[in-house]
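S.K.: The structure follows.
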Amino acid sequence: MLPQVLFSGLALGSIYGLVALGFALVFKATDVLNFAQGMFVVVGAFLAVTAGTQLHLPFALTLMFIVVAAALIGAAIQALLIRPLTGRSMLSIIMVTIALSIVLRALIEIIFGPQPRALTTPMPTGVFIVEGVRISQLHMLAAGVSWLCLGLFALFFRFTTFGLQMRATANGHEAALVSGINVDFVNRVAWAIGSVLAAIGGLFLAQLQLASTELEGIGLLALPAVVIGGLQSIPGAIIGGLLVGLIEQLASSYVSPRSADIFVYTLLLLVLMVRPWGLFGQRELGRV
Amino acid sequence: MGMWGIRVGPVLGLAAGLLLGASPLAFAASESPADGVYADHIDWGVIMDLSGPTSASQAVWTAGIKDYIRKVDDAGGINGRKINLLVEDERFDASLDRIAFEKLTGQTPVLGISGMGNASAQVALASTIRRGKVPVLGSYTTTKAVTEPPTPMFYGGFCGYKEMAQVGVGALTERLKLAAPKVVTVHLDTAGGKEYADFVNAAAMRHGGSSKAVPIKANAADATAQVLEIIASKPDFVAVHGTATTPVLLMRAMQQYGLPTPVFGMAYIGTPIVYNSLPPEAGSRYSFVSCFTPGGTDDSAGMKAMTESADKFGHSAMKDDINYVAGWVIGQLVTEAIAKAGPDVTREKLVAMLSKGFSIDTKGLSAPVSYTPEDHSGIALLKPFGFDYATKRFTGSGTYDEARKYEQ
Amino acid sequence: MSGEQAAVSAAPAVRPARGWRAPVLLVLGVAAACYLPFILTERAIFGVRLSNMQLLNIGLTQVNLMMITLLGALSLNYLTGIAGLISIGHAAFYAMGAMAGAVFGTQLGLPFPVVLAGSALVGAATGVVAGLPSLRVRGLYFVLSTFALHYIVVFMLSEYQFRFFDVVGIPFEEATLGTFVLDTPLRWYFFLLVLCVLVYVGLRNSLRTREGRAMMAMRDHELAASAAGIDVRILRLKAFACSSAIAAVAGTLYSYYMTNVNAEFFTIDFAIQFVAIIIIGGMGSLAGSLVGAAVWLLLPAVITGFAAQIGSTDSAFGTLLTESKPQLVNLIFGSLVIVLLIFAPGGIAGIGRSLRDRLSVRVR
């Protein structure tokens, strides 16, 4: 039973890690805790419904459609809502993202109606059996794609000029400005990437269950994941996501599903008390 | 100091401005009868979750009742009056239920109220409903607080958890020819889920069997833990409580583990989306019990009328959902009750008529809907339904009356 | 109508230097606040009937529930705006208040005022515990610790509820103060009004004390405050205890008003509403909280009322209106909040301040 639980926990955790990575990127670039990240997951799920189920696009095109549309939505939100709020208090910006998720939810319900939608994609649904452990192909695929995205972004940050600019901006806005980086553009790209990562998470979550606005709650698990891993840390977001996925599956199997959240949030509280900068973050701000 | 001072003038001015600004838009306050009955129309209230976590089913129910009322209104209304639905969105927030109930009692008075799908909110309002003057007719969920003992102010409109559990367990025990059924109940880890698991347990015990409750989170993304639990306890069949997502997750995970165990869901999750998102070999193992006949199951007179209207009003995609049928049936219940209460209907007359006993014929759309002075639950019989993937239609088995033998 | 109420709670804030205007406004404000519930109940003003929309689709229960939420918002504003501590965990204190109410009131059957006092104590104690992370972390990290607190407390409440009560919730008796039974919205209104004014005046005056000034010093510059001999840590915990005691009492009141409370009531949205109210109203402005509460809790009803006035037509917009009216209301509401946040950095209190400055310039 244990290897089975561990596997499904890691697979789910990979999806959370993906969403959490988007969350961490946005935070690193713009210092915004994006409470609408959960709704971005829902947006991704419904983009998939639009492309795959309604427009009957082939799967590759569906993926492209999701990536492009989500990137545009993320960039537009940065330009229209986040940029005018530069320099405002953290809480006002958090509040804007909360109001944004109210608006997005309403829009999605107006366009798609109240009933959840089933996602029809050619993603595999079978199982491999390895040494008595059943490995869901969909879980494998979700984990695989998540890790691929994570790898691509790691390469992007390390080896491309733009990735370097993004890292520089995250380390200090003024310094980046002085060295001639277009900080606003960098921020917009960060929001676009954050939105794309959430949307891909949404695609998989909708395939695992259904496309509905209730996926928001699952998407919001990225918040504790990011903090446990370390708000300033990219690998931390991923490890945090995996940890949340593991804790959730272990708690559901051995204690009770309702206790899963409590374990996650107790760990969050412990991390905040002992290592406020997170498991992988750098020791800096936020301590008294 | 400046930060504390608030300029009284501008605030008062703003309030006055808002009041004045609203007045031209408002109707002349000429007549406003306390019972919501006007010369040309009757106001009737609906309180449901239309944009909250349970809107996936409750908004569909609301579309059902709206469509029935619209059909009646298009045909001239009742005794020359059209029925005007005042729909209040409660977003699954009990305090909004309280606000909406007060509003429909006095602010924009209605003759009666339907819906109220939030069980905790209904319990919170129970004493207000019992003491009040506005009848609740056709509720989406029915709690003990309003039916035991019955009050002339409350009439249920959906089969209860207890009956769902009894009929589901009874029918599957008989179909699988079990001597002592062993059941696993997968339920949401909420108050309602716990209650349902207890009813399934009682029903299994009555057949000499046993049951085990396995909770699942409301917005879970995976059911591996639950399926491993099912594998460990080897049940004869599984009962599910939840939203549409719950059986989808569960059936998919069971299929991956090659588990052929039959599963039955409660009435609220007898929706097409569950079957559409499952492969046929998994979906054919899923059945549900319901007191409403989903669209497309048969060609009864009631079904034909409902299908025709649903297509006309642009709700073809909803008519196969039992929640839509439930709303539609309550629309019929409300209009026939108003008609029977007479041309000069008031809340008092409506309550007097209902409390003596009342029933409607839904022409094949549901189990019998009837109230007696002692029993206000309304709909008590259910039957099992499945889905035929070849014809893409729901299939009912047996008649609603046969369910009597499973119920106490 | 919210304006009239604002007048009452704000009236004491008017400076005595204004001569005759302050007492007149105070009397007018009190009169308006006392007449308001009768307008909302009778749906008429001085005998002239008003339509539902002329009263902005608002009822007395709505105002009462708003006042209960306002108590939480005032206490959160005190904590955030004055002491510089931000908390998303205020619903957790409401939940503690509900639990304290259930133990003292429903289970032990103590009288209502005793229950309220008990829940204030429980709230203060929980507040000290919840404030402990503030000794180690601050800013964003502290916000997140209160977020975690929310889930943990609500889990405790649901375990408690399932252990001792029916699955549909914890029942609460009718609240009585001596012989005064709080059985109608009208009676609740006057009780809550007095309570809101007391809390408002109390919090406002506490800022004028030595400790209040120390707190603001702490918020503005922590190091300087410590250097001036203020024990910042103790002060923070005191602020937290005071704020959460008020929130817990509000939670008990909420439970008694609802008569039945389910742990599922205390969602993260419930917690977010307090933050929303103080940001919209203007952080640091206690009076702004009132306007913020009115916007967050009453505006959706006003928008719904206007939407109901538009007759359904066969146009595309008409179809949209009949099919998704609640969504449209949420859409307009969310957009208005965003616009407000972008164009009014200091919240509504900030708008008020800049209006006044402009007016006073013109007068001179």
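Every read-out reported here was derived from the displayed coordinates using simple, explicitly stated rules and does not represent laboratory data. Values in this document were obtained by computation on a predicted structure and should not be read as measured data. So basically every Cβ, Gly included, is an ideal-geometry build from the backbone, and we count neighbours across all protein chains shown.
S.K.: What distance in nm separates the two pseudo spin-label positions at C:Phe190 and C:Arg21, each 7 Å out from Cα along the beta-carbon direction?
M.R.: With each label placed 7 Å out from Cα toward Cβ, I get 3.2 nm.
S.K.: Okay, moving on. Based on DSSP H runs of at least 4 residues, each adding -39500 (n - 2.57), what is the mean residue ellipticity at 222 nm of chain C after dividing by all its residues, to the nearest 500 deg cm²/dmol?
M.R.: Working: 15 runs with 250 residues, N = 364.
After summing the helix terms and dividing by the residues of chain C, the value is -23000 deg cm²/dmol.
S.K.: Can you classify chain B as rounded, prolate or oblate using the Cα gyration tensor, where a ≥ b ≥ c are the square roots of its eigenvalues, rounded means a/c under 1.5, and otherwise it's prolate if a/b beats b/c and oblate if not? Don't jump to the answer; show the numbers that get you there.
M.R.: Working: a/c = 1.96, a/b = 1.53, b/c = 1.28.
It comes out prolate by the Cα gyration axes.
S.K.: Reachable lysines from B:Lys212, Cα under 28 Å, same-chain residues fewer than 8 places away excluded?
M.R.: B:Lys144, B:Lys162, B:Lys177, B:Lys182, B:Lys194, B:Lys234, B:Lys383, B:Lys405
S.K.: Still on this structure, I have one more. From the phi of every residue in the stretch A:194-199, what ³J(HN,Hα) in whole Hz does the Karplus formula 6.51 cos²θ - 1.76 cosθ + 1.60 yield, where θ is phi - 60° and glycine or proline is x?
M.R.: Per-residue couplings from phi come out as x, 5, 5, 4, 4, 5 Hz.
S.K.: Can you give the extra length, in nm with one decimal, that the chain gains between B:Glu281 and B:Asp298 once fully stretched, where that is 0.36 nm per residue apart less the Cα-Cα distance? Don't jump to the answer; show the numbers that get you there.
M.R.: Working: separation 17, 0.36 × 17 = 6.12 nm, distance 2.33 nm.
Difference between extended and current length: 3.8 nm.
S.K.: For the protein assembly as shown, can you list the cysteines whose C-beta has no other cysteine C-beta under 4.7 Å from it?
M.R.: By the Cβ distance rule, which asks for a partner under 4.7 Å, the isolated cysteines are A:Cys149, C:Cys34, C:Cys196, C:Cys242.
S.K.: Which is farthest toward the positive dipole end of the protein assembly as shown among B:Tyr155, B:Ser55, B:Ser397, measuring Cα position about the Cα centre, with Cβ charges +1 (Lys, Arg) and -1 (Asp, Glu)?
M.R.: So the residue furthest toward the plus end is B:Ser55.
S.K.: Of the GluC sites (Glu not before Pro) in the stretch C:135-222, which ones lie in a loop per DSSP and count no more than 13 other C-beta atoms within 10 Å? Before the final figure, lay out each step's value.
M.R.: Numbers: sites: C:Glu159, C:Glu173, C:Glu174, C:Glu211, C:Glu222; in loops: C:Glu173, C:Glu174.
Counting only loop positions with at most 13 other Cβ atoms within 10 Å, the GluC sites (Glu not before Pro) in the stretch C:135-222 are C:Glu173, C:Glu174.
S.K.: Suppose a student asked you for the relative contact order of chain B, using Cα pairs under 8 Å spaced at least 6 residues apart; what percent would you report?
M.R.: Once normalised by length, the contact order is 17 percent.
S.K.: Here's another thing I want to ask about it. DSSP loop (so not H, G, I, E, B), at most 16 other Cβ within 10 Å: list which chymotrypsin sites (Phe, Trp or Tyr not before Pro) in the stretch B:358-408 pass both filters.
M.R.: Values: sites: B:Phe358, B:Tyr371, B:Phe385, B:Phe387, B:Tyr389, B:Phe394, B:Tyr400, B:Tyr406; in loops: B:Tyr389.
Of the chymotrypsin sites (Phe, Trp or Tyr not before Pro), the ones in loops of the stretch B:358-408 whose Cβ has at most 16 other Cβ atoms within 10 Å are B:Tyr389.
S.K.: Divide by every residue of chain B the summed helix terms, -39500 (n - 2.57) for each DSSP H run of at least 4, and state the resulting mean residue ellipticity at 222 nm, rounded to the nearest 500 deg cm²/dmol. Walk me through the numbers before you get to the answer.
M.R.: Working: 14 runs with 163 residues, N = 408.
Helix contribution divided over all residues of chain B: -12500 deg cm²/dmol.
S.K.: Hey, another quick one. Find how many whole Å separate the alpha carbon centroid of the stretch B:92-108 from the alpha carbon centroid of the stretch C:246-274.
M.R.: 17
S.K.: Here's something else I'd like to know. Amide H of B:Leu86: which non-local residues (sequence gap of 5 or more, or other chain) have their own amide H closer than 5 Å, using H built in the peptide plane?
M.R.: When sequence neighbours closer than 5 places are left aside, the close amide H contacts are B:Trp44, B:Gly45, B:Val46.
S.K.: Nearest 20 debye, what's the magnitude of the dipole of the stretch A:2-274 about its Cα centre given +1 on Lys and Arg Cβ and -1 on Asp and Glu Cβ? Provide the component values of the computation, followed by the final result.
M.R.: On the way: 10 positive and 9 negative charges, 51 e Å.
Result for the stretch A:2-274 is approximately 240 debye, rounded to the nearest 20.
S.K.: Ranked by Cβ crowding within 10 angstrom, fewest neighbours first, how are A:Cys149, B:Cys291, C:Cys34 ordered?
M.R.: In order of increasing Cβ crowding within 10 Å: C:Cys34, A:Cys149, B:Cys291.
S.K.: Please say if the stretch C:111-224 is rounded, prolate or oblate, where rounded means a/c under 1.5 for a ≥ b ≥ c the square roots of the C-alpha gyration tensor eigenvalues, and otherwise the choice is prolate for a/b larger than b/c and oblate otherwise?
M.R.: On the way: a/c = 2.97, a/b = 1.30, b/c = 2.29.
The shape class here is oblate.
S.K.: Let me ask another. Take C:Met53, B:Met254, B:Met205 and order them by how many other Cβ atoms sit within 10 Å, fewest up front. Walk me through the intermediate numbers first.
M.R.: Working: C:Met53 20, B:Met254 23, B:Met205 15.
Listed from fewest to most nearby Cβ atoms, that is B:Met205, C:Met53, B:Met254.
S.K.: Given the options C:Val129, A:Leu152, B:Ile360, identify the residue whose Cα lies farthest towards the positive end of the charge dipole of the protein assembly as shown (+1 on Cβ of Lys, Arg; -1 on Cβ of Asp, Glu).
M.R.: C:Val129
S.K.: Another question, if that's okay. Report the charge-dipole magnitude of the protein assembly as shown in Debye, nearest 20, computed about the Cα centre from +1 at each Lys and Arg Cβ and -1 at each Asp and Glu Cβ. Display every interim value, and only then the final one.
M.R.: Numbers: 73 positive and 66 negative charges, 566 e Å.
With only Lys, Arg, Asp and Glu charged at Cβ, the dipole is about 2720 debye.
S.K.: Give the relative contact order (percent, whole number) for chain A; include only Cα pairs under 8 Å separated by 6+ residues. Provide the component values of the computation, followed by the final result.
M.R.: On the way: 469 pairs, mean separation 105.6, N = 288.
Worked out over chain A, it gives 37 percent.
S.K.: What aspartates and glutamates could a cross-link reach from B:Lys103, if we take a straight Cα to Cα line under 20 Å and drop same-chain neighbours fewer than 8 places away?
M.R.: B:Glu31, B:Asp35, B:Asp43, B:Asp49, B:Glu88, B:Asp89, B:Glu90, B:Asp93, B:Glu348, C:Glu42, C:Asp183
S.K.: Right, another one. Sorted from largest to smallest, which semi-axis lengths in Å does the alpha carbon gyration tensor of the protein assembly as shown give for its equivalent ellipsoid, taking the root of 5 times each eigenvalue?
M.R.: Working: eigenvalues 377, 305, 146 Å².
In descending order the semi-axes read 43, 39, 27 Å.
S.K.: Give, as a single signed number, the net charge of other residues whose beta carbon lies under 13 Å from the beta carbon of B:Lys194, with Lys and Arg counted +1 and Asp and Glu -1.
M.R.: Counting the neighbours of B:Lys194, the net charge comes to -4.
S.K.: Can you grab the distance from the C-alpha centre of the stretch B:368-400 to the C-alpha centre of the stretch B:236-255, Å, no decimals?
M.R.: 21
S.K.: If R0 is 35 Å, what FRET efficiency do you get for B:Ala232 and B:Ala390 from their C-beta distance, rounded to 0.05? Walk me through the intermediate numbers first.
M.R.: Working: r = 35 Å, r/R0 = 0.99.
So the FRET efficiency works out to roughly 0.50.
S.K.: Sticking with this structure for a sec: Taking every pair of alpha-carbon atoms in the stretch C:219-364, give the share separated by more than 23 Å as a whole percent. Working shown, then result.
M.R.: Numbers: 6250 of 10585 pairs.
The answer is 59 percent, as a whole percent.
S.K.: What distance in nm lies between label points placed 7 Å from Cα along the C-beta direction at C:Ala117 and A:Ile111?
M.R.: 5.8
S.K.: Still on this structure, please answer the following. Give the order of B:Trp61, A:Trp191 when sorted by the count of other beta carbons within 10 angstrom, beginning with the fewest. Numbers along the way, then the final one.
M.R.: Values: B:Trp61 32, A:Trp191 28.
Least to most surrounded, the residues fall as A:Trp191, B:Trp61.
S.K.: When chain A is modelled as a GNM with alpha-carbon springs shorter than 10 Å, which of A:Leu150, A:Leu119, A:Leu57 fluctuates the most?
M.R.: Highest fluctuation among the options: A:Leu57.
S.K.: Another question about this same structure. For the stretch C:234-313, evaluate the Debye formula with one uniform point scatterer on each Cα (no solvent term) and list log10 I(q)/I(0) at q = 0.11, 0.22, 0.26, 0.27 Å⁻¹, rounded to two decimals.
M.R.: Here log10 of I(q) over I(0) equals -0.44, -1.19, -1.25, -1.25.
S.K.: Using θ = phi - 60° and the Karplus form 6.51 cos²θ - 1.76 cosθ + 1.60, what ³J(HN,Hα) does each residue of the stretch B:105-121 get, whole Hz, x for Gly and Pro?
M.R.: Along the stretch B:105-121, the couplings run 7, x, 5, 10, x, 10, 6, x, 10, 10, x, 6, x, 9, 4, 5, 5 Hz.
S.K.: Now for a different question. Where Lys and Arg each count +1 and Asp and Glu each count -1, what net charge lies around A:Phe153 among other residues with Cβ under 15 Å from its Cβ?
M.R.: Numbers: positive: A:Lys28, A:Arg158, A:Arg167; negative: none.
The answer is +3.
S.K.: Compare the Cα positions of C:Ser289, C:Ile68, C:His221 along the charge dipole of chain C (+1 at Cβ of Lys, Arg; -1 at Cβ of Asp, Glu; about the Cα centre) and return the one farthest towards the positive end.
M.R.: After comparing all options, I get C:His221.
S.K.: With r as the distance between the Cβ atoms of C:Val48 and B:Arg131 and R0 = 25 Å, compute the FRET efficiency 1/(1 + (r/R0)^6) and round to 0.05. Could you put the intermediate results ahead of the total?
M.R.: Numbers: r = 30 Å, r/R0 = 1.19.
Once rounded, the FRET efficiency stands at 0.25.
S.K.: Taking amide H positions as placed in the peptide plane 1.01 Å from N, state which residues far from C:Thr176 in sequence (5 or more) or on other chains have amide H under 5 Å from it.
M.R.: C:Phe112, C:Leu182
S.K.: Further question on the same structure: So what J values fall out for the stretch B:163-170 if you push phi through Karplus, 6.51 cos²θ - 1.76 cosθ + 1.60 with θ = phi - 60°, rounded to Hz, Gly and Pro as x?
M.R.: 5, 4, 5, 5, 5, x, 5, x
S.K.: If you don't mind, another one. Would you kindly give the portion of the calculated P(r) for the stretch C:17-80 that falls above 13 Å, as a percent of all Cα pairs? Before the final figure, lay out each step's value.
M.R.: Numbers: 1463 of 2016 pairs.
Looking at the stretch C:17-80, the distances longer than 13 Å represent 73 percent of pairs.
S.K.: Among all helices in chain C defined by DSSP H, which have a length of 18 Å or more along the axis from Cα atoms plus a Kyte-Doolittle mean of at least 0.5? Don't skip to the answer; put the middle values down first.
M.R.: Numbers: long enough: C:21-42 (31 Å, 1.59); C:60-77 (25 Å, 1.33); C:112-131 (28 Å, 1.78); C:140-164 (37 Å, 1.16); C:185-206 (30 Å, 1.31); C:232-258 (39 Å, 0.98); C:268-281 (20 Å, 2.36); C:316-343 (32 Å, 1.54); C:347-363 (25 Å, 0.15).
Counting only whole DSSP H runs, the qualifying helices are C:21-42, C:60-77, C:112-131, C:140-164, C:185-206, C:232-258, C:268-281, C:316-343.
S.K.: Another one. Which entries in the list B:Lys82/B:Lys349; B:Lys71/B:Lys356; B:Lys71/B:Lys363 go over 26 Å, if you measure between the two C-alpha atoms of each?
M.R.: Numbers: B:Lys82/B:Lys349 18 Å; B:Lys71/B:Lys356 28 Å; B:Lys71/B:Lys363 16 Å.
Too far apart for the 26 Å limit: B:Lys71/B:Lys356.
S.K.: Could you give the size of the charge dipole of chain B about its Cα centre, using +1 on the Cβ of each K and R and -1 on the Cβ of each D and E, expressed in debye and rounded to the nearest 20? Intermediate values should be presented prior to the final figure.
M.R.: Numbers: 37 positive and 40 negative charges, 101 e Å.
For this selection, approximately 480 debye.
S.K.: Rounded to a whole number, what is D in µm²/s for the stretch A:162-288 from Stokes-Einstein with the Kirkwood radius over alpha-carbon pairs (25 °C, 0.890 mPa s)? Mind dumping the intermediate values first?
M.R.: Values: Rh = 16.4 Å.
For the chosen part, D equals 149 µm²/s.
S.K.: Still on this structure, please answer the following. Shielding by partners for A:213-221, please: the mean number of other protein chain Cβ atoms within 10 Å of each residue's Cβ. Display every interim value, and only then the final one.
M.R.: Details: counts 5, 9, 3, 2, 7, 4, 1, 2, 2.
Average neighbour count from other chains, rounded to a whole number: 4.
S.K.: Using only alpha carbon pairs under 8 Å that are at least six residues apart, calculate the relative contact order of chain C and give it in whole percent.
M.R.: Details: 479 pairs, mean separation 97.1, N = 364.
Reported relative contact order: 27 percent.
S.K.: Additional query: Compute the Cα gyration tensor for the stretch B:268-383, then decide on rounded, prolate or oblate, letting a ≥ b ≥ c be the square roots of its eigenvalues: rounded whenever a/c is under 1.5, prolate when a/b is larger than b/c in the other cases, and oblate in all that remain. It would help to have the intermediate numbers written out before the result.
M.R.: Details: a/c = 2.99, a/b = 1.87, b/c = 1.60.
Because a/c hits 1.5 or more and a/b exceeds b/c, the stretch B:268-383 counts as prolate.
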